[in-house]
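The values are calculated or read from the model by the stated rules, or taken from the named source; none is laboratory data. Given the structure is predicted, the values throughout are model-derived calculations rather than measurements. FYI the Cβ positions are ideal-geometry reconstructions off the backbone, even for glycines, and counts take in every protein chain you see.
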Amino acid sequence: MAGTAGPRAAQLRAQAAAHSAHNYHPLPVAIAEAEGSWVTDVDGTRYVDMLAAYSAINFGHRHPRLVAAAQRQLERVTLVSRAFEHDQFGPFCAELAALADMEMVLPMNTGAEAVETAIKTARKWGYEVKGVPQGEAVIVVFDGNFHGRTTTIVSFSTDPEARDGFGPYTPGFRIVPFGDLTALAEALDENVVAVLAEPIQGEAGVLVPPPGFLVGVRELCTAHGILFIADEIQSGLGRTGTTFACEHDDVVPDMYILGKALGGGIVPISAVVSSAEILGVFQPGQHGSTFGGNPLACAVAREVIAMLATGEYQERSAKLGTHLHNRLCDLPESEVREVRGRGLWAGVDFTRLSGRKVCERLAERRVLAKDTHGSTIRLAPPLVISEDDLDWALDQLAAVVR
Ligand SMILES: *Cc1c(COP(=O)(O)O)cnc(C)c1O
């Protein structure tokens, strides 16, 4: 048990434990306020945030530009449903399509909904454009994937915690080892409509695939006339030092799935971004969401897109990311088995300590991070973090490991 919780935090934890489903195992910190890379708990203790809500807080907590965009929109109109047009919708779709160098956008709310949207798009495209027999479409996914928590998505998870006990499972998915192009090629028969991949697997522990893998996926998809769907919900929007992680390999997928940071840490908004031919498969009534593409979310996301369009956050992530990885590689080899990642994003495997233990000790030293599996932690500080704050947080990690 980390000795971080003050009296008020302990009370709040007990209340949450009694009245909320136990589907999370939070660290003993109860946050009351936040700004930039820092959060303050209910007892007044400050922590540096090295998780950034799994990359949903890429621009830091309450970035002034994003708060101002939200406030302006709160004074105008927040929700109309898609039954009517509104003045943020067209601009949002056009600006996001331009950022991704694509043509069309289909907005939803959560990441999982956008993944579901991509699956529906690929199946419909497979039947209508590729001519796969109805009900036979297959989507190839990778071992260790994380694409969300819906019943269909957990159907193709390989994590027993995420999947077991939630059947019957949705058919139509084929799982191959991440990074294995030979296995992928063997899995591609005439019923396959798409390959769905995280360009870097986040939940799995920030696993970067072997060099040439994404290029190989692109080539196989092109050769077989099937869609390459890149789930960039966590890896995208500046996290790895580029707008999209696929850019590191000069690979352009047929469809991006975005979420998390798109909402600027203020509202949930996700999207599928693709060509007019592919997203053109939808006709009125075939897909939708009451809150998807609402004016408030679109206004905040437009500001996010404008901030990314300058390239300044991507550059920061690349530069500070090099510093982060250099420092992580200086940690003692006896304690650290492996360091992976790109930009301001790292997975660190420990030899002796559990990821949970490291995160508890970090919290005692006022640094928030999150374990993924077993002996791994993930670091994903806000892209706005100062070099001094980053160094301070890494000093704490070095002290914990020592
Ligand atoms: C977080 C995440 C999702 C799911 O997003 P939610 O908003 O939690 O539904 C899907 N794919 C990846 C790669 C993610 O990191």
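Here are some notes:
- If only residues of the stretch 200-219 that are assigned to a loop (DSSP other than H, G, I, E, B) and touching a residue at least 60 places away in the same chain (Cβ under 8 Å) are counted, the one that is farthest from the ligand (Cβ to nearest atom) is V208.
- Residue count for the stretch 172-197, restricted to those that are free of Cβ contacts under 8 Å to residues at least 12 places away in the same chain and in a loop (DSSP other than H, G, I, E, B): 1
- Qualifying residue in the stretch 332-352 (condition: closer than 17 Å to L394 by Cβ, small (G, A, S) and part of a helix (DSSP H, G or I)): no
- Per-region count, the stretch 100-150, residues buried (at least 17 other Cβ atoms within 10 Å of the Cβ), at positive phi and over 16 Å from the mean Cα position of the chain (by Cα): 0
- Taken as a whole, the stretch 152-166 holds no residue that is in a strand (DSSP E or B), more than 25 Å from A380 (Cα to Cα) and away from the ligand (no atom under 13 Å from the Cβ).
- Single residue of the stretch 232-254 satisfying the filter (among the hydrophobic types (A, V, I, L, M, F, W, C) and not in a loop (DSSP other than H, G, I, E, B)) that is farthest from the ligand (Cβ to nearest atom): C246
- Only one of the listed residues (L353, L379, L390) is over 19 Å from S235 (Cα atoms) and crowded, with 20+ Cβ neighbours inside 10 Å. That residue is L390.
- Among the residues of the stretch 62-99, those that are touching a strand residue (DSSP E or B) at 6+ places or on another chain (Cβ under 6 Å) and either assigned by TED's automatic domain parsing to the domain that holds A369 or surrounded by fewer than 22 Cβ atoms within 10 Å (Cβ to Cβ) (or both) comprise R62, C93, A97.
- Enumeration of residues in the stretch 45-89 that are among the aliphatic types (A, V, I, L, M) and at positive phi: A52, A53
- Note on the stretch 1-92: enclosed helices (runs of 4 or more DSSP H) holding 3 or more residues that are closer than 30 Å to A245 by Cβ and more than 16 Å from the ligand (Cβ to nearest atom) are 64-74.
- Restricting the stretch 260-280 to residues that are among the small types (G, A, S) and either in contact with an Asp or Glu (Cβ under 8 Å, 6 or more places away or on another chain) or at positive phi (or both), the residue that is nearest to the ligand (Cβ to nearest atom): S270
- Close pairs (7 angstrom Cβ cut-off, 6 or more residues apart or separate chains): over 20 Å from D395 (Cβ atoms) in the stretch 312-324, small (G, A, S) and buried (at least 21 other Cβ atoms within 10 Å of the Cβ) anywhere: Y313/G238; Q314/G238; Q314/G241; S317/G238; S317/G241; S317/G343; A318/G241; A318/G343
- Of the criteria (1) within 24 Å of D349 (Cα to Cα); (2) within 16 Å of the ligand (Cβ to nearest atom); (3) surrounded by fewer than 24 Cβ atoms within 10 Å (Cβ to Cβ), which one F228 fails: (1)
- Restricting the first member to the stretch 346-373 and to residues that are at negative phi, and the second to residues that are in a helix (DSSP H, G or I) and at pLDDT below 95, the beta-carbon pairs closer than 8 Å and six or more apart or on different chains are F350/V401; L353/V401; V358/V401.
- Unmet criterion (only one of (1) among the β-branched types (V, I, T); (2) touching a Pro at 6+ places or on another chain (Cβ under 9 Å); (3) assigned to a loop (DSSP other than H, G, I, E, B)) for I229: (3)
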